[in-house]
Every structure is written in structure tokens, then in C-alpha cells.
């Protein structure tokens, strides 16, 4: 079961109507740096990167599949998360991304924009959300609760079928959720918020709660929330989970496809 579709308006957000035309303009900004990325490996950036930046994370070209099916979820100018197209007009992300901690309310859907393949001054496509559903048993005021952790996912419905143009990611089945499974972790992490970066050499370390949550070796920070953990089988890509957060000892957690597949696909 999932909570009701959220598409309400709110008077307190009325002033943001004037900001909607500027949302895309914000994408033109890039984090300041003395480096110039000359290739998608981002080697120049890594030479001057802060000590906290994991050199395992590489910049990838967002005009190629599957990277173009991944994008920024912009939240009324108040932050961003990462989301992934999993059908023609549905985007999967973390539920906690859509909770406005300042107001203790869910962001109204009409102030949420998905920008697919966002890469500095360019993007592949964008669409506003018309509504979204949040997993049942997710409680934004109890983020450390085991039930909230494994139900930390949400599904945006878009005004346009972007997946028809860009493609989308199918969900991995439970047989793939095993220790030592190689992963590709992606996201618009906060310290490189305007390009998609990817770590290709991490893996599942442990699984919990009937495979619904997994600890990984991937390097993640804010902005990665909702970002897909992918697996590749020859030329086929699958979404095996989404980044949820980090443990007290700085280990990354993903909510796996076992948590949301049945609600999304009915299987």
C-alpha cells in the first residue's frame, strides 16, 4: 500500500509562483572551481578537489543512456535530490527528499521539477510533477526508524512522458540483491551538484530486512539521496536500489528494489 497521491496547493507557497520561470535558470549556475573539466572523467576537477571528494566518482555524459534517464529533482528553489525514470512518466526518488523540514509539510507537487540529464548549462528534457505517492509506513519525523528506512521511497508522476524519449530503467529482481554484488552508484552529489557523477567500483556489503535494505561500499553525501544504484548485465541496465543515507560509521545505505517493486509493478 502507498499513501495518497499528493497534489495539493498551499497558500504559503504562493509567492513561489513567481520563481517557477527561474527554476531552469538556476541550472545554468555551476559550483565555483578553478578546474576546467576537459573530459567526462573529470580528472582536472579531481586535481583540485577538496579532501572529502572521493576520486572514485567520475563525471559521465548525460546525453547517453542510462545516464540521461537520471536527473535532478528541484524542490521549489529549496534544494535538490536525484531521481530516475522507471517508466515513461514516473520518477523514483527518496521520500525524505520531498518533505519540507522548514514547514513540516510535503512539498506541493506543482513546485517540483524533474530535469533529466542535467549537465551544467544543458539538460536532456524536463517536466513538472503533477502528483506523487509516498510509501506507506514512511514517517518523516522518524528517519532512523527501521520501518521508515525501508519505506523511504516515493514516485513522481510527470506532466510529460520523458521516458518515451529518453528511455528508463527497469527494476532488478531479488536474485541480484546479494553480498559482493558489483554496483554503479550515481547522483548529483552536493559538491558537484550540476553534473552527474558515477562510482563504478563499489558493491553490496550487507543486506537487511529480507533484502529490502543494503549497506554498500559506495561514497555518497547530500544530493545523492534518491540516486540509483545500478547493475549491468552485458548491455542491459537495471535499478537495484536508491541511495537512502549513511550510517553512524559513514557507510552508505540503499533501499533496494525489493522494497518497492510490488507497489510499482504489481509483481
Checklist entry - Tell me, in nm to one decimal, what length is gained between residue 201 and residue 145 on full extension, where the rule is 0.36 nm per residue of separation less the Cα-Cα distance? => result 17.2 nm
Checklist outcome for this item: One finds, for residue 265 and residue 164 with R0 = 22 angstrom and r their Cβ-Cβ distance, a FRET efficiency to the nearest 0.05 of 0.75
Item to check | Estimated inter-spin distance, residue 208 and residue 121, nm [label 7 Å along Cα→Cβ] | outcome: 4.5
Checklist entry - If you take the C-alpha gyration tensor of the range 95-192, multiply each eigenvalue by 5 and take the square root, what semi-axes do you get, largest first, in whole Å? => result 23, 22, 15
Item to check | For the range 137-258, the spread of Cα positions along each principal axis, largest first, Å | outcome: 39, 33, 29
Next on the checklist: At a 10 angstrom cut-off on C-beta neighbours, averaged per residue, how do the peptides 76-85, 248-257, 135-144 rank from highest to lowest?
Outcome noted: 76-85, 248-257, 135-144
Checklist entry - Which distance in nm do the two modelled labels at residue 247 and residue 233 give, with both placed 7 Å along the Cα-to-Cβ direction? => result 2.8
Checklist entry - For residue 180 and residue 136 in one chain, what is 0.36 nm times their gap in residues minus the Cα-Cα distance, to one decimal in nm? => result 12.9 nm
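FYI, it's all coordinate maths here, none of it is from the lab. It should be emphasised that the depicted structure is a prediction, and the values quoted were computed from it without experimental measurement. So basically every Cβ, Gly included, is an ideal-geometry build from the backbone, and we count neighbours across all protein chains shown.
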